[in-house]
Structure formats: C-alpha cells, structure tokens
1. Just give me the residues in segment B:80-109 being assigned to a helix (DSSP H, G or I) and of a type in the set (Phe, Trp, Tyr), in sequence order.
2. Just name the residue that is nearest to residue B:204 (Cα to Cα) out of those in segment B:55-88 that are within 13 Å of the chain's Cα centre (by Cα) and either within 16 Å of ligand 2 (Cβ to nearest atom) or buried (at least 18 other Cβ atoms within 10 Å of the Cβ) (or both).
3. For segment B:195-224, name all the residues that are without any contact (Cβ under 8 Å) to a residue 12 or more places away in the chain and either surrounded by 15 or more Cβ atoms within 10 Å (Cβ to Cβ) or of a type outside the set (Lys, Arg) (or both).
4. Select from segment B:40-71 the residues that are among the small types (Gly, Ala, Ser) and either under 21 Å from residue B:192 (Cβ atoms) or at pLDDT below 95 (or both) and list them in ascending order.
5. Show me the strands (runs of 3 or more DSSP E) found entirely inside segment A:126-167 where at least 1 residues are of a type in the set (A, V, I, L, M) and closer than 17 Å to residue A:88 by Cβ.
6. Name the residues in segment A:91-128 that are more than 26 Å from residue A:49 (Cα to Cα), among the acidic types (Asp, Glu) and away from ligand 2 (no atom under 13 Å from the Cβ), would you?
7. Going residue by residue through segment B:170-185, is there one that turns out to be in contact (Cβ under 8 Å) with a residue 60 or more places away in the chain, assigned to a helix (DSSP H, G or I) and farther than 20 Å from residue B:133 by Cα?
8. Quick check on segment B:72-79. Is at least one of its residues outside any helix (DSSP H, G or I), closer than 20 Å to residue B:192 by Cα and of a type outside the set (Val, Ile, Thr)?
Amino acid sequence: MSNNRVSRRQFLGYTLTGVGGFMAAGMLMPMVRFAVDPILQQHEGGDFVLTDQAVADITEEPVRVDFAFEQVDAWYTSEVTNSAWVYKEGDKLIALSPVCKHLGCTVNWAGDTENPTQFFCPCHAGRYEKNGQNIAGTPPLGPLDEYEVRDQDGFVAIGAVRDNTLV
Amino acid sequence: MLNKLYDWVDERLDITPIWRDIADHEVPEHVNPAHHFSAFVYCFGGLTFFITVIQILSGMFLTMYYVPDIENAWQSVYYLQNEVAFGEIVRGMHHWGASLVVVMIFLHTLRVFFTGSYKKPRELNWVVGVMLFGVILGLSFTGYLLPWDMKALFATKVGIEIAASVPVIGESIKILLAGDSTILGAQTLTRFFAIHVFFLPAALLGLLAAHFIMIRRQGISGPL
Ligand code: HEM
Ligand code: FES
C-alpha cells in the first residue's frame, strides 16, 4: 500500500466525475455531430450541363453563356441558372467562372469602358485579364476559377468548377 | 491547472460561497435511497429536470434543420432524421424525451401528493408545480404538430376542437390557436412553432427558477 491513500471522498469524486462526464459526452456527442454535419458532408462533382450555345459561334471574344441545372439544397430541389464566360483560344474552348475572387460579386467582360479587354467587377472595381489573371493593384487576390468545358454535339457543355489552369 | 484557474477567479470574485450555497447540502437520510431504498421516489423531480434539459438541448439542435412552413416542414424533418449524421438519435431524444418528461413529472407529482409535501408552508410551490405541469403539456401539444405528418395534423385538429368546446370563449380560443377560423394550416404551424420554441420554454425557465428558489428557501419536506 502506498502512503498517499485515496480517501473515500476522493474516490467518490473521481468516480462521479468520470461517470458524469461519460453521460454528458453521450448526450452531447450526437448533438454536436448533428450540428457539424454540413462541414463533413461529401459533395460529388457536378455532371456536364448542356447549353444552347453553338460552339461554332464562339470566337476569341468571351461571351456569357447561361446554363441551368437542378440544385439539391437539403430538402429543397430547384432549378438554378449559372453563367460562364466562354471563348476560344485557337481551337480550345475556355470557360471562366464569373464569381469575383475578391468578395464574390459577378464580373463582366469589358464592363469597364476604359479596359475593354478585361473582366471588370463593379463592386470594388476588381479587374482580370482575359485568361482570368487578376490585375495587381485591384482588390482580387487570385485568378478567376475555370469551368470544365467540352463540345457536345456542337454545343457547349459546362462541367465542374476548378482552380484556374491558365495562369 | 484547473485548480489554479479556479483559484485565480475565486481570489478576485469570491465565487466559492455562491456555488456552496447552491450545491453544498447534506442529503437528509429520509430522501437518500442508500438508507431507505423506497426513497428513490424523491428522484423524480430531479429526473424531470434532467429530461427537461435534454429536451431543451435536443430541441435547440433540431431547430438548426427544422422549418415551420407547411411546404417544407415534413421534408425538413425527413431530411434531418435520414440524411444528417445522428439525426435519428437527436430526433429520437426529443421524441422519446417528450413522453418521458410527462411520465416523470406525473410520478413527481404523485410523490409530492402522497408524502403530503404540498401542505403548509409549501402551498405556493404546489401551485407553481401545477403550472409547470401545464406548460409541459402545452409543449407536448404544440410540439406534436411540428413534424406536419398525418398523425400530427389530426391530433391537432382534435386538440383544437376540444379547446373549441369551452363554453362562450371556445370559438375564440380555437381561432387564436389555429390562426384562422376554418383552416388548420400555414398559420397554425407558425404559431405552434413560436409557442413551442419561444413562449413556453421562456415560461418554463421562469417557473423552474421559482420552483427551485422556493425549494432552497423551504428545504425538502421532512420524513413521514
Ligand atoms: C419540456 C420541453 C419540451 C417538450 C415536452 C417537447 C415536445 C415535443 C414533441 C412531442 C415534439 C414532436 C416530436 C415528434 O413527434 O417526433 C416536438 C418537436 C419539436 N420540438 Fe420540442 N419539446 C420541448 C422543448 C423544446 C425546445 C426548448 C425546443 C427549441 C428551442 C424544441 C424544438 C422542437 C422542434 C424544432 C421540433 C420539430 C422537430 C421534430 O418534430 O422532430 N422543443 N417537441
Ligand atoms: S467583390 Fe469583386 S472587387 Fe470586390
């Protein structure tokens, strides 16, 4: 027997704290996991969405192409419309996301009359080159995202969004 | 580490007397099941409180996903139960707890009745207890509509018709509860939701505070 014996009071203190902690954890763990579920949910990448923009009509000048898809928002499913800025570089189709990398507004091609060959964000005057490269000295901190894009029977089909691969 | 933190705060704010006053009491022999096993009947008040705490916690978490709208209520409950991790458990806690809390408060009331603890000087606490019983039944009634399934709808129809059978003011009570003179629908659901998660829980907390303050003042009633 060691000298520092555990008193009855200490023993009860430890046991009750242990059992109480176990019970509290049993109660709280499911609720906390329930609350943080959105962080841990997996999202599969979107399928390609066919647009009614003919590939033949696309030039080197970016045009806005709208595309609609079914969005499942928990228990609410709805049709939402997104858009992309699409142009050709040689034969290659390129589609850029219109979401500004500063704080999420929507950019326009040639939206600023003084910079007719750039994307322009009206919120805080962010600007980007045609390939999405953000222009130093304007608020955005990175290049515009890029969509996967392909030619599907002569029409533009738009896929998942990913980091810009052009800059 | 924790002891040091405690001492640091205690040195400045003298918090020891506060929790001693709340928590440090001897359990009288006649309410301690270790002495007389039959004293377990004195646990029902504490168990009622314990389950009420579970109801409040699980209810707060359910409200993260639940929407009180007739188009989406059922869908959101289905989603939170089947698609969200541990949804079945969290909804299950609230669902089964709602019945258990009524059982527990009933047993607690029986104990108080048969030990004669409602007698002088504890009459007021009996009155508060009856109000607590009413609030818990109100929470059960209003909560039952929220999943917005067939059972919820018809149970509430019946409940509202019962309220409508009160002489003279019955019709007004019915409209006040349902939010419409003929339809049990959109406005009924939002009202029941507001009553279930704001009004009655607020009343519940106030009454519980009164209940416990009176118990601290008067102590637990003596042995039979
Ligand atoms: C003693 C307290 C309470 C009782 C007796 C109670 C009772 C109930 C009942 C019977 C249901 C229907 C459950 C079902 O059929 O599965 C329900 C649902 C619900 N309650 Fe409570 N409740 C209490 C406290 C609370 C509190 C404090 C909140 C929120 C702050 C809350 C939020 C909800 C929500 C959001 C629902 C709908 C989700 C569902 O049906 O599973 N409850 N409640
Ligand atoms: S959001 Fe585009 S510049 Fe600020």
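The values are calculated or read from the model by the stated rules, or taken from the named source; none is laboratory data. Bear in mind that the values here come from a model prediction, so they are computed numbers and not experimental data. As a convention, Cβ positions derive from the backbone with ideal geometry for all residues, glycine included, and neighbour counts pool all protein chains shown.
1. Of everything in segment B:80-109, those that are assigned to a helix (DSSP H, G or I) and of a type in the set (Phe, Trp, Tyr) turn out to be B:96, B:106.
2. Restricting to residues being within 13 Å of the chain's Cα centre (by Cα) and either within 16 Å of ligand 2 (Cβ to nearest atom) or buried (at least 18 other Cβ atoms within 10 Å of the Cβ) (or both), the top hit is B:55.
3. The answer is B:198, B:199, B:202, B:205, B:206, B:209, B:212, B:213, B:219.
4. Scanning segment B:40-71 gives B:58, B:59.
5. Those strands (runs of 3 or more DSSP E) span A:146-152, A:155-162.
6. A:114
7. no
8. yes
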